[in-house]
Structures are given as C-alpha cells and as structure tokens.
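Novice: Following this message is one structure expressed as structure tokens.
The values are calculated or read from the model by the stated rules, or taken from the named source; none is laboratory data. This is a predicted model, so every value here is computed, not measured. Virtual Cβ from ideal backbone geometry, glycine too; neighbours counted across all protein chains shown.
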Amino acid sequence: MKQTLNPQFACGVGLLGAAVLLLAVWPNIAQNTPPEQRVSFPLSVSENSRYLVDSKGLPFLIKGDSPWEIAWQLTKADAEKYLENRRLKGFNAILVDGVPYSEWSDHVKETDRAGHNPFVTPGDFSTPNDAYFSHLEWLVETAGAKGILVLLMPADLGSRGAKFATKDGMWYQEYKSNGPIKCYQYGRYLGQRFSKHPNVLWVLGGDRDPRDVQEHIEEMARGLEETAPKQLKTYHAGARSSSLFFHDAPWLDINMSYGYSDPYRFVLMDYLLQPAKPVFLGESGYEGENLDERGGSPQRVRRQAYWAILSGACGHMYGSKAWGFRPGWEDSLDSPGAIHMSHLDSFFQSLPWHRLVPETEHAVLMAGFGRGTDRAITAWIPDGSLAITYMPSTRKVLVDLKRFNRKVDARWFDPTTGKYAPIEGSPFANTTQREFTPREKNGGGDSDFLLVLSTAHK
C-alpha cells in the first residue's frame, strides 16, 4: 500500500431512498475551482487507508467518467475537447482501455487512428509498439495537465457474456496464449514507459474474474510494481469487487467495486474488510444506455454515485453511451446526468467528505430506509457534527437529533439543480427525534433528494 500522512477520515455513507437525504453541518459551499487547481499528483493512500490524498496530503475524491475507447477512437483535437468538457464539469478521473480491442476480431487489424497496432507482432505482449504507446502517453500527459487522473487498463480481459462468445472476451485468449512470463514483461514495459506520469492508476483485468489467468494477472502486476512502484493499482473483476480475489495482495492499493442494481452493498462490503483499503465504485449503470436496471436515466446515475460515496467509497465512475465514441458521441457530453455530476462535485467539495463513515446501525436515520433500488443511505461524522442521507424517492424519514452535538441546521439539497433549500423551523434542538419529508419533485422532475443535517453555529 502506498500511504502518506493524512487528515483523519472515515469515508462513508448512509442509504435513504429515491430522495437524497443529506445531513450536513457546513452550510457554506466552497467554490467549484477547476480540478487542476485542487490536485497535486501523485496520489497515495491516506494514513487510515480509507481514501486517496494528493502529494500535499489533501483528500482526493474520485469523480470519474468512462471514455473506454478514447485512446484509439478520437483525434487529438477531439480528445482534448472531451477532456476539457469533463474538467469543466468537475470530473477529475477517466477510465481508459490502454489497447484497442474488438470482440469479433483476432486483434490483427486493431489500431489507433494513425494505423499503429499496440504490438509489433499483433497479440504478442512481448512486442509493444512504441509508436502506438507514444500516442497513449500523449493522452495521459494531456489529462494530467488538466488535473485528471487516468485509470489505465493494460489489456481488457473482457466479459464472458454472449456478445463476446466468438472470442470469449476481448484480450482473454491473448493472456492465455502469451502466458505469465510475457504478461510480466508487458507489465514491466508499461511501468517503465508510464512511471514518469504521476496521474496514472493501473486497472488490471477487465470485466472478468481472474480464474484461470490469475497467475497472468499477478505477474503483470509484479512487472508494474517493479518498474512503477509508486503508482496505485487495482483490479476490475467481472462482478462485485477486486477484493474477492486480490484484497490481501500487496500490489492492490485500492478496491474497485462493480454492480448495477444496488452497488451500495458491494461498496459497504469492501469498506468493512480488514485490513482496510480504500474502495471506489468503478462501474455501474451508464446514462442513456440499457433502459433497464443496468442504466438509462439521469436519476439512475445520480443514485449510484451518492449511494457509493455515502456507503464508504472514496469516489465513483460515471458512464454514458459515449464510452465507445460512436457517431453522435458529442451529444452525450452535456447530458443531464453529466451536468448533475458537476453538482455532486460542488456538493462534496464543500463538505469534509473524507471524515464521513457509513451509518449502518440506524442510530441517526431511524425509519424510512426503503430497500433494494429504493434504499436510503446515510453517512455521518461520529462527533455529531454532520450527517447526510440520500433518498432515491420521496418519503418520510425519522432522524434522531440527539446524536448531534448541538442545535441542528437542516436543509434539502436538490441533486438536479445543485441548490439547497432550508427546512422550516431550522435550526432544531438536539433533544428529540424528528421527521423530515422532502417536496414531491426535484428540479429535474424526479424525487431524489439529499437531507443535510449539520450542527448550527453557536
């Protein structure tokens, strides 16, 4: 684990339902300064192993997007356009496949826009093509200049789903044909090439549990550790989390959680593990894609983001149908969900989010929990200064105000507009229990809200 001395923290959250109930103590919202003014790479793990910090020791909340195919689908001009758009919306991380793939090809014709294959001998991990990786390096540098962390995947294993049946994954067969030794060599090459870029976090695997290529993954990680020991590393599993396979591995610095219908369960599972390691929600539903339980609506992507952070995650990855940069991808840049992520950025940057812990005992939120995809999540600071509840839908909730250390300021936060609304009668005495009910609809026409409860100034 790469660790550094840090402010005291416990990153966590509470569930509440389709409305976001945010209990927060600090009433003033910080300025939404551009990410590059806030972060100083490289990142490391906090002293209490709950979140990431930059080189100045400041907490870094991962607020990412998932432009998986940006390295080979876009021109440099379009890549810069995309990155600047994300920077201005408060995104500070991107999740990127390092090498091109096609579920239906043999990897021979997979190149970047300049015609460079990532390997001189296609599919051979021991023959990396410097011309291809020079462009990937440009992308990493450009992102870094904008204060953006690049979560970089060496070679995507790929899903086992029917869509990938002809190749049984994206690079899965090539992992097997190359063997552990070449995977180790490839890891060393990548580490040597990218170790000078402080804004890289390596994501091994790719949408698949390791199973029969676990040794291959471990050898690739060993190569990266030997040549880029200061860069953080994680694993993208096929379901639930990296912790199921590599939690105790010395090279795994942060767990990557993965889930669709109720990802808060898997985030909290990782948060409660010992020894403690940070966890972030690495993939969930994508806006505008799969209009079912896996994705679709702006409310869906808001819900999973607030759920994750309030359940103990030190960040989350948003996604949209622009991930593959098919014709019309620009239309997704300013989608409602992407704009709502900028409100999430402002919201958490104004609060001591790194001190939050998941409130799992129902000591603060006593009733109105909901279940499944309507679950309300609560996180609080145990000294009684702040509590936040996200509710996916409007409902009456019961809060024990005696858990706070003095009078309680109560406000609703609308995740679709980024605006607070005071609650009539606030501040409330911290001597009783009290019910709170948000209005029926938020500014976006949905019914999710955050209840922010914070101790009032004396």
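Novice: For Ala363, which of the numbered conditions (1) over 21 Å from Asp446 (Cα atoms); (2) in contact with a strand residue (DSSP E or B) (Cβ under 6 Å, 6 or more places away or on another chain) fails to hold?
Specialist: Only one criterion is unmet by Ala363, namely (2).
Novice: Need a quick list: strands (runs of 3 or more DSSP E) entirely within region 177-283 having at least 1 residues that are of a type in the set (Ser, Thr, Tyr), surrounded by 24 or more Cβ atoms within 10 Å (Cβ to Cβ) and in contact with a helix residue (DSSP H, G or I) (Cβ under 6 Å, 6 or more places away or on another chain). Quick ask: steps written out before the conclusion?
Specialist: Details: elements: 200-205, 232-236, 255-258, 279-283.
Here the list reads 232-236, 255-258.
Novice: Within region 140-176, how many residues are modelled with pLDDT of 95 or more, in a helix (DSSP H, G or I) and of a type outside the set (A, V, I, L, M)?
Specialist: Going through region 140-176 one residue at a time, the tally reaches 5.
Novice: If you go through region 407-421 one residue at a time, how many are in a strand (DSSP E or B) and over 11 Å from Pro438 (Cα atoms)?
Specialist: Applying the first criterion (in a strand (DSSP E or B)) to region 407-421 yields 408-414, 419-421.
Cutting the leftovers down to over 11 Å from Pro438 (Cα atoms) gives us 408-410, 419-420.
Result for region 407-421: 5.
Novice: Just name the residue that is surrounded by the most Cβ atoms within 10 Å (Cβ to Cβ) out of those in region 366-385 that are among the aliphatic types (A, V, I, L, M) and either more than 24 Å from the chain's Cα centre (by Cα) or more than 23 Å from Ser447 (Cα to Cα) (or both).
Specialist: Initial filter on region 366-385 (among the aliphatic types (A, V, I, L, M)): 366-367, 376-377, 379, 381.
Imposing the further condition that a residue be either more than 24 Å from the chain's Cα centre (by Cα) or more than 23 Å from Ser447 (Cα to Cα) (or both) reduces the set to 366-367, 381.
On the way: Met366: 14, Ala367: 14, Ile381: 26.
My answer is Ile381.
Novice: Suppose we keep only residues that are in contact with a helix residue (DSSP H, G or I) (Cβ under 6 Å, 6 or more places away or on another chain) and small (Gly, Ala, Ser) within region 326-356. Which one would you say is farthest from Phe413 (Cα to Cα)?
Specialist: My answer is Ser332.
Novice: Report the residue count in region 253-272 for those that are farther than 12 Å from Gly312 by Cα, in contact with a strand residue (DSSP E or B) (Cβ under 6 Å, 6 or more places away or on another chain) and of a type in the set (Ser, Thr, Tyr).
Specialist: So the answer is 1.
Novice: Taking the conditions exactly as written (in contact (Cβ under 8 Å) with a residue 60 or more places away in the chain, crowded, with 24+ Cβ neighbours inside 10 Å and under 21 Å from Pro128 (Cβ atoms)), does Ala93 satisfy them or not?
Specialist: No, not satisfied.
Novice: Within region 74-103, how many residues turn out to be touching a Gly at 6+ places or on another chain (Cβ under 7 Å) and either among the polar types (S, T, N, Q) or over 23 Å from Ala114 (Cα atoms) (or both)?
Specialist: Selection size over region 74-103: 4.
Novice: Out of Ala322, Ala308, I need the residue that is hydrophobic (A, V, I, L, M, F, W, C) and either under 20 Å from Asp374 (Cβ atoms) or over 18 Å from the mean Cα position of the chain (by Cα) (or both). Which one?
Specialist: Exactly one residue qualifies, and that residue is Ala308.
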